[in-house]
Amino acid sequence: MTNLNQLPTDLPIPQDDGAANHLVGMRIPTLLLSASTGKELNLGDIKGHLVIYCYPMTGQPNVALPDGWDQIPGARGCTPQSCSFRDHYQELQSLGAQVVGLSVQSTAYQREMADRLHLPFPIVSDVDYQFQRALQLPTFVAAGMTLLKRITLIANEGVIEAVHYPIFPSDRDPAWVINYLKNKPA
């Protein structure tokens, strides 16, 4: 069975297709999204720095990933990315950032993952693609599912000021965010 916590060494590296070039300067949409905490969050209302890491799909133990998953550049690595944000959460908070994960999976699916991985931050569901459509976030299709490409947005006072895309390897995403927050222009 696949080890979801470990990245294979031979994954294809995603290339920048320009699909995120429009995002810096955009406002985070004011939408209520269901969260793994059991509450609804309006990401557009969150003050200060907000880190939203968007990911395609987390796997579940003893459930096979879609056929060809490891051959899709950037698809594999959602669990290591979430665990890395968990492991760097206190440092991100000390830098004044709130962290939220986001995918198009159902809230119930996300709640199981958040509980299993002991995530200290909410995971929100964009199951209806409202957030994706509002920002025109890049997607891909696998096994008949339209999924978000891996992308991280850093917003300040509701405006996107930095974008990490493409992300590879996924578990190094928090290091990029921390470096940005420590060295961002005044």
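Quick note: the coordinates plus some simple rules give every number you see, no bench work behind them. None of these values were measured; they are calculated from a predicted model. So basically every Cβ, Gly included, is an ideal-geometry build from the backbone, and we count neighbours across all protein chains shown.
Observations, loosely collected:
- Test: residue in region 36-45 that is in a strand (DSSP E or B) and small (Gly, Ala, Ser): no
- Per this entry, Ile72 is counted among residues that are of a type in the set (Val, Ile, Thr), over 26 Å from Asn156 (Cα atoms) and crowded, with 16+ Cβ neighbours inside 10 Å.
- In the condition set (1) under 24 Å from Phe168 (Cβ atoms); (2) out of contact with any Cys (no Cβ under 6 Å at 6 or more places or on another chain); (3) touching a residue at least 60 places away in the same chain (Cβ under 8 Å); (4) crowded, with 18+ Cβ neighbours inside 10 Å, Arg86 is compliant with all but (3).
- Residue satisfying all of: in region 92-103; within 19 Å of Gly44 (Cβ to Cβ) and out of contact with any Cys (no Cβ under 9 Å at 6 or more places or on another chain); surrounded by the most Cβ atoms within 10 Å (Cβ to Cβ) among these: Val99
- Here Asn21 qualifies as farther than 16 Å from Gln110 by Cβ and free of Cβ contacts under 8 Å to residues at least 40 places away in the same chain.
- Some residue of region 156-174 being free of Cβ contacts under 8 Å to residues at least 24 places away in the same chain and within 27 Å of Pro61 (Cα to Cα): no
- Among the residues of region 146-161, those that are of a type outside the set (S, T, N, Q) and over 15 Å from Asp16 (Cα atoms) comprise Leu147, Leu153, Ile154, Ala155, Glu157, Gly158, Val159, Ile160, Glu161.
- Test for Arg76: is it touching a strand residue (DSSP E or B) at 6+ places or on another chain (Cβ under 8 Å) and basic (Lys, Arg): no
- Test: residue in region 116-131 that is farther than 22 Å from Gln60 by Cα and surrounded by 19 or more Cβ atoms within 10 Å (Cβ to Cβ): yes
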